[in-house]
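Student: I'd like to ask some things about the structure below.
Each reported figure results from applying straightforward, stated rules to the coordinates on display, with no laboratory input. Fair warning: this is a prediction, and the values are worked out from it, not measured in the lab. Here the Cβ positions follow ideal geometry from the backbone for every residue, glycine too, while neighbour counts run over all protein chains shown.
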Amino acid sequence: MDCLFCAIVKGDIPSTKVYEDEKILAFRDINPQAPTHVLVIPKTHIPSVDGINAENSAIVAHIFEAIPQIAKAEGLTEGYRVVSNCGDHACQSVKHLHFHVLGGKQLADSMA
Ligand code: DGP
């Protein structure tokens with residue numbers, strides 16, 4: 001399977017890692033939309049939020065346990081936004097589940 005984020009997990013494509021454990025990886029977005037813009041991904045391939053099910057949802061809980069630690073390490077004391085684009089209407093460009101963590105400035109009130 002030709003997946004960009006799987007290649008990042010494997011180390012075939014370099015990334016700026018901010019957190020890693022045996023199950024997940026967090027790295028800086030190549031096109032940051034806020035002073036802090038981190039992507040948090042499972043190391044296993046799940047195509048999108050649509051691919052979350054009873055068999056693999058523990059990894060999502062693990063990601064959401066890690067996000068507050070990542071936010072703290074990034075100094076996001078005033079808050080942050082977590083976003084996952086799913087499918088074409090949401091403009092998902094990389095078909096490997098990922099959560100954007102955005103912060104470091106006052107974000108826009110509108111999300112759509
Ligand atoms: P989305 O549009 O929600 O699928 O977000 C995909 C994000 O992935 C987008 O914000 C840009 C980022 N991205 C794409 N290619 C690379 C890459 O090679 N390295 C890194 N660090 N980020 C990438």
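Student: Using Cα pairs under 8 angstrom and six or more residues apart, how large is the relative contact order of the range 17-88, in percent? Please list the in-between numbers first.
Tutor: Details: 61 pairs, mean separation 18.8, N = 72.
For the range 17-88, the relative contact order is 26 percent.
Student: Kindly rank 16-24, 89-97 from highest to lowest mean number of other beta carbons found within 10 Å of each residue.
Tutor: The most tightly packed comes first, giving 89-97, 16-24.
Student: List nothing, just return the count: lysine pairs in the chain, 8 or more apart or interchain, with Cα separation under 15 Å.
Tutor: Lysine pairs, 8 or more places apart or on different chains, close enough: 6.
Student: Could you list which residues have their amide H under 5 Å from that of ILE24, counting only those 5 or more apart in sequence or on another chain, with H placed in the peptide plane?
Tutor: HN-HN under 5 Å from ILE24: LYS43.
Student: OK, next. Can you tell me the orientation of helix 57-73 relative to the chain, as the angle in degrees between its alpha-carbon axis and the longest Cα principal axis, to the nearest 10?
Tutor: 30 degrees
Student: Roughly speaking, what is the stretch gain from CYS91 to ALA112, that is 0.36 nm per residue apart minus the C-alpha to C-alpha distance, in nm to one decimal? Working shown, then result.
Tutor: Numbers: separation 21, 0.36 × 21 = 7.56 nm, distance 1.12 nm.
Result for the pair: 6.4 nm of gain on full extension.
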